[in-house]
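A.B. asks: Quick one: structure below, then a few questions.
The values are calculated or read from the model by the stated rules, or taken from the named source; none is laboratory data. All values derive from a computational prediction rather than experimental measurement. Methodologically, a virtual Cβ is constructed for each residue, glycine included, from the backbone with ideal geometry; neighbour enumeration extends over all protein chains shown. Note: accessible area is taken over every heavy atom of the protein model, side chains too, but ligands, DNA and RNA are not part of it. Shrake-Rupley method; radii C 1.70, N 1.55, O 1.52, S 1.80 Å.
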Amino acid sequence: MPRTSILPARIADDVVLRLARTGDGRAMAAAYERNREHLAPWDPERAPEFSTAAWQERNLATLLADHAAGRFWPLLLVADDGRVVGRLNVANVVRGAFDSAAVGYWVDRERTGQGLMSAALGVVVALARDELGLHRLEASTLLHNEASQAVLRHHGFVRYGLAEKYLRIAGRWQDHVLFQRILTD
């Protein structure tokens, strides 16, 4: 698997941003179950087994294989007590003339408004630019997700478009605002 010198990174007194690893399925399932209602308006509809340790561990094996191939960075925000309190993915890494990736994230309902995702995204921007050598990061948010848009703007992401009926979120196709951050000249 690709290694970095920037991860793990302490992003709060009690939270570390680190690469997900085999065996994290149980903690990830607990986080999704604990945040089911909190994430429902922002996520695709999920099958009941999504919140099981077995499903999460199987999915994690796929994500870690993609990570080993350099296509995906499954990152977790982990509290000192071992609870997963957020996710931040660097996905769809495309090399060559594009050298770009997409970021997506969420934070635990009990930890919103504490600056965790802003700190984590700052680490990921540095990782993408300085260690992965990417030229560009992109992100999308639902039109009304002002908190996420503020986090992106704080880290130099700029709005560059609107994608109509972009993703099926909460059971229906919804429009998304598109953001990007150019990392290199």
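A.B. asks: Is at least one residue of region 169-182 more than 28 Å from residue 36 (Cβ to Cβ) and either in a helix (DSSP H, G or I) or not β-branched (Val, Ile, Thr) (or both)? Walk me through how you get there before you give the answer.
C.D. replies: Step one: filter region 169-182 for residues more than 28 Å from residue 36 (Cβ to Cβ), giving 180-182.
The next check asks that each one be either in a helix (DSSP H, G or I) or not β-branched (Val, Ile, Thr) (or both); those that pass are 180-181.
Scanning region 169-182, I find at least one residue that is more than 28 Å from residue 36 (Cβ to Cβ) and either in a helix (DSSP H, G or I) or not β-branched (Val, Ile, Thr) (or both), so the answer is yes.
A.B. asks: Let me ask another. Which of the residues that make up region 123-136 are in contact with a strand residue (DSSP E or B) (Cβ under 8 Å, 6 or more places away or on another chain) and either over 25 Å from residue 161 (Cβ atoms) or open to solvent by less than 30 Å² (accessible area, probe 1.4 Å) (or both)?
C.D. replies: Going through region 123-136, the residues in contact with a strand residue (DSSP E or B) (Cβ under 8 Å, 6 or more places away or on another chain) turn out to be 123-125, 127-128, 132, 134-136.
Correct list: 123, 124, 125, 127, 128, 132, 134, 136.
A.B. asks: Now for a different question. Looking only at region 10-23, count every residue that is within 13 Å of residue 76 (Cβ to Cβ) and assigned to a loop (DSSP other than H, G, I, E, B) and tell me the total.
C.D. replies: Here is the first cut: in region 10-23, the residues within 13 Å of residue 76 (Cβ to Cβ) are 11, 15-23.
Next, from what is left, pick out any that are assigned to a loop (DSSP other than H, G, I, E, B): 20-23.
Of the residues in that region, 4 qualify.
A.B. asks: Looking at region 143-164, is at least one residue in contact with a His (Cβ under 8 Å, 6 or more places away or on another chain), assigned to a loop (DSSP other than H, G, I, E, B), under 22 Å from residue 109 (Cβ atoms) and not basic (Lys, Arg)?
C.D. replies: At the first step, the residues of region 143-164 found to be in contact with a His (Cβ under 8 Å, 6 or more places away or on another chain) are 143, 162-163.
Checking which are assigned to a loop (DSSP other than H, G, I, E, B) leaves us with 143.
With the extra rule that they be under 22 Å from residue 109 (Cβ atoms), the set shrinks to 143.
Now narrow it down to the ones that are not basic (Lys, Arg): 143.
Checked region 143-164: at least one residue is in contact with a His (Cβ under 8 Å, 6 or more places away or on another chain), assigned to a loop (DSSP other than H, G, I, E, B), under 22 Å from residue 109 (Cβ atoms) and not basic (Lys, Arg).
A.B. asks: Search region 24-46 for residues being out of contact with any helix residue (DSSP H, G or I) (no Cβ under 7 Å at 6 or more places or on another chain), among the small types (Gly, Ala, Ser) and part of a helix (DSSP H, G or I), and hand back the single one that is most open to solvent (accessible area, probe 1.4 Å).
C.D. replies: Taking region 24-46 as the starting set, the residues that turn out to be out of contact with any helix residue (DSSP H, G or I) (no Cβ under 7 Å at 6 or more places or on another chain) are 27, 30-31, 34, 37, 39-46.
Now drop any that are not among the small types (Gly, Ala, Ser), which leaves 27, 30-31, 40.
Right, trim to part of a helix (DSSP H, G or I) and you get 27, 30-31.
Numbers: 27: 29, 30: 50, 31: 0 Å².
Going through the qualifying residues, I end up with 30.
A.B. asks: Can I ask one more? Could you count how many residues in region 120-142 are touching a His at 6+ places or on another chain (Cβ under 7 Å) and either in a helix (DSSP H, G or I) or closer than 11 Å to residue 179 by Cβ (or both)? Spell out the reasoning first.
C.D. replies: Going through region 120-142, the residues touching a His at 6+ places or on another chain (Cβ under 7 Å) turn out to be 121-122, 125, 140-142.
Remaining after also requiring either in a helix (DSSP H, G or I) or closer than 11 Å to residue 179 by Cβ (or both): 121-122, 125, 140-141.
Matching residues across region 120-142 total 5.
A.B. asks: Right, something else. If the Cβ limit is 6 Å and pairs must be 6+ apart or interchain, which residue in region 70-93 that is under 11 Å from residue 120 (Cα atoms) and in a strand (DSSP E or B) pairs with which residue that is open to solvent by 10 Å² or more (accessible area, probe 1.4 Å) and of a type in the set (Ser, Thr, Tyr)?
C.D. replies: From region 70-93, the pairs are 88/105.
Here is a yes/no grid of residues against (1) surrounded by 15 or more Cβ atoms within 10 Å (Cβ to Cβ); (2) within 25 Å of residue 27 (Cβ to Cβ):
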site	(1), (2)
76	yes, yes
80	no, yes
84	yes, yes
94	no, no
138	yes, no
143	no, no
151	yes, yes
155	yes, no
181	yes, no
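A.B. asks: Select from region 131-168 the residues that are closer than 18 Å to residue 39 by Cβ and touching a helix residue (DSSP H, G or I) at 6+ places or on another chain (Cβ under 6 Å) and list them in ascending order.
C.D. replies: Matches in region 131-168: 139, 141, 151.
A.B. asks: Follow-up. So, in region 1-23, exactly how many residues are open to solvent by 60 Å² or more (accessible area, probe 1.4 Å) and modelled with pLDDT of 95 or more?
C.D. replies: Looking only at that region, the number is 5.
A.B. asks: Looking at region 162-185, I want the residues that are in contact (Cβ under 8 Å) with a residue 60 or more places away in the chain and among the aliphatic types (A, V, I, L, M) and have a partner that is open to solvent by less than 30 Å² (accessible area, probe 1.4 Å) and assigned to a strand (DSSP E or B) with Cβ atoms under 8 Å, at least 6 apart or on another chain. Which pairs are those?
C.D. replies: Short answer, once both residue conditions are applied: 167/174; 167/176; 169/142.
A.B. asks: While we're looking at this one, here's another question. Condition first: of a type in the set (S, T, N, Q), open to solvent by less than 40 Å² (accessible area, probe 1.4 Å) and closer than 16 Å to residue 23 by Cβ. Can you find one or more residues in region 54-61 that meet it?
C.D. replies: Yes, region 54-61 has at least one match.
A.B. asks: A further question follows. Taking region 96-112 only, how many residues are surrounded by fewer than 21 Cβ atoms within 10 Å (Cβ to Cβ) and touching a residue at least 12 places away in the same chain (Cβ under 8 Å)?
C.D. replies: Result for region 96-112: 10.
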